Amino acid sequence: MNQTLLTVLQYYGAGAATLAALIVSLNLGRRITGWAFVLFVTSSIALIAWGFLDENSEGIGWQNVALLFINATGVWRYLISKHEPAK
């Protein structure tokens with residue numbers, strides 16, 4: 001596998017997850033938090049690809065399969081669902 005592509009996937013995934021976590025921690029509102037979860041989804045996809053394409057990173061791939069479902073739930077809850085969460 002192309003080492004440059006693997007490096008881009010690895011660092012994009014790490015950077016996007018860090019930025020998304022910062023945005024969620026700032027609690028800037030439902031819509032912005034929803035877009036942070038979209039960023040988390042892209043991070044998970046990148047890290048799944050990196051995890052399964054790099055022979056020594058399969059654990060990160062499997063972890064991000066699980067995180068992809070969690071992050072997709074965040075997208076549903078904050079951007080798609082019209083249901084207001086309990087306060």
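Over the chain, DSSP H runs of length four or greater, each weighted -39,500 (n - 2.57), average out per residue to a 222 nm ellipticity of -26500 deg cm²/dmol. Against the longest alpha carbon principal axis of the chain, how many degrees, from 0 to 90 and to the nearest 10, is the axis of helix 3-26 turned? Once rounded, the angle reads 20 degrees. Expressed as a whole percent, the accessible area of the chain that falls on carbon and sulfur atoms is 67 (1.4 Å probe).
When you restrict to C-alpha pairs under 8 Å that are six or more residues apart and normalise by the size of the stretch 20-87, the relative contact order lands at 34 percent. Highest mean first, the peptides 78-84, 7-13, 56-62, 37-43 sorted by other C-beta atoms within 10 Å per residue fall in the order 37-43, 7-13, 56-62, 78-84. Using the Karplus relation 6.51 cos²θ - 1.76 cosθ + 1.60 with θ = phi - 60°, the per-residue 3J(HN,Hα) values for the stretch 68-82 come to 4, 5, 5, 5, 5, 4, x, 4, 4, 5, 9, 10, 9, 5, 8 Hz, with x marking Gly and Pro. The long axis of helix 30-53 is offset from the longest Cα principal axis of the chain by roughly 20 degrees.
The values are calculated or read from the model by the stated rules, or taken from the named source; none is laboratory data. No experiment lies behind these values; they were computed from the predicted model shown. FYI the Cβ positions are ideal-geometry reconstructions off the backbone, even for glycines, and counts take in every protein chain you see. Calculation scope for accessible area: heavy atoms of the full protein, side chains included, ligands and nucleic acids excluded. Shrake-Rupley method; radii C 1.70, N 1.55, O 1.52, S 1.80 Å.
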